[in-house]
Every structure is written in C-alpha cells, then in structure tokens.
C-alpha cells in the first residue's frame, strides 16, 4: 500500500513539474496569413506549403498556424473584418508572431484603378491591416510577394515591382516592422513555379520557408 502511494505521489509530482515547465517555456505561436500561396493551392500535399515547412524548420519550440485564404487580397482584407472566419481564427490564435503575405491578387487590379489610385488604396489598407495586427502582437513580418513568372504576367509583375513592393516597404518602415522580400529572394525559374506561374512548387515553398525562418531567427 505504501509503495502504491509513493508511486502515486511521484506521478503527481512529475505531472506538476511538466505543467510548470510548459507554463514557463510555452511554444511561440507563429501565424501565417495570406492568399492561396500561403494556403497551399496546387500542391499534391498541402503539408508542403511554406507554413508547414516553416514549422519543421523552427522545431518544437514553435507552433505555426496556417490561416491562408485562397483568393484573399490586401484590399478588402478578410483578416480585419470581424464577421469573417479568418478574423476569428487570427484573433483566437493568440499569436506571438504574424507573417503577412498579401498583394499577389491585388496586382490584378480588379477595380481598374489608375496607378496613383492603386498606390493610395493599397497604402491605406496596408496601414489599416498593420494597425489592426499590432493589437495582437508587436512582432510582425510583411512579405513582398513572389515574382509572377512568365510573359503572360508582365503587367502584374510591373504592378508588383512598381507599386505593391514599394508600398509594402514604405509601410514597414513607417510602422517599424520587418520586411521579407520574397520578390527578390525567390528567383523566377521552372523548378520553383507551377505551370500557372503564380503558385510555387514544393521546392518554391521550401525556398520561401527558409527565407521566413532566417528572418524569424534574426529577430
């Protein structure tokens, strides 16, 4: 009987110790928001999308949450609209770090704005997004979208290069947050892109994850 009681006390002690250690050293939660690229569209296995690869790179001390939404744009952003599932998931995730990768779909310029109108609208909405995210965590990384690969995307590439990329960098500087320039880091080549020229291959996602990983480690 005494032996059983002793074993029971030891187990309780071990459990309490484990809980205390977990409370002292909780996992850092990294939340990735973005469009279909973040979500993992066109991959055979969605576990190969960059947020999941990032999880494997960061290891057990982190928890990476993928809240990518196919079709998402920075303008008209679902992550700051209280009634959306993405907003509820983002707020409920209690993030320590947020990775933003938006702008690819905005380069379509669906509203047919002039260059100046697009620049003003994108800047306004990006500032609004960052201000909203800062209520959740001060540690935010904004990604410049990857290169649209192929001649058919010449116009979108020009919009990304001349409007989207400069605005993202401007907002980051004004808001005091970090930039991950995937446009510059991910080279336009066949091995990194699916045939549509927009979505990365598994290798492309790995390259993105490595860039994000190094940015987090340097912070």
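Observations on the structure shown:
- Percent of beta bridges antiparallel (DSSP, the chain, rounded to nearest 5): 5 percent
- Listed residues 172, 209, 185, most fluctuating in the chain (Gaussian network, C-alpha, under 10 Å): 185
- Shape of the range 158-217, Cα gyration tensor, a/c cut at 1.5: oblate
- The range 26-84: relative contact order as a whole-number percent, Cα under 8 Å and 6+ apart: 45 percent
- Debye log10 I(q)/I(0) for the chain, one point scatterer per Cα, at q = 0.07, 0.09, 0.12, 0.16 Å⁻¹: -0.26, -0.40, -0.63, -1.07
- Dividing the helix sum by the residues of the chain, where each DSSP H run of 4 or more adds -39500 (n - 2.57), gives a mean residue ellipticity at 222 nm of -14000 deg cm²/dmol.
- Each Cα pair under 8 Å and six or more residues apart adds its sequence gap; the mean of these over the residue count of the chain is a relative contact order of 21 percent.
- Cα gyration tensor shape for the range 99-219, rounded if a/c is under 1.5, else prolate or oblate: oblate
- For the residues 82, 166, 148, a GNM of the chain with alpha-carbon springs under 10 Å puts the largest fluctuation on 82.
- The range 110-153 shape via C-alpha gyration tensor axes, a/c threshold 1.5: oblate
- Listed residues 32, 127, 143, most fluctuating in the chain (Gaussian network, C-alpha, under 10 Å): 127
Where a number appears in this text, it was derived from the coordinates with a stated rule and is not lab data. Predicted model only: the values in this text are computed from it and were never measured.
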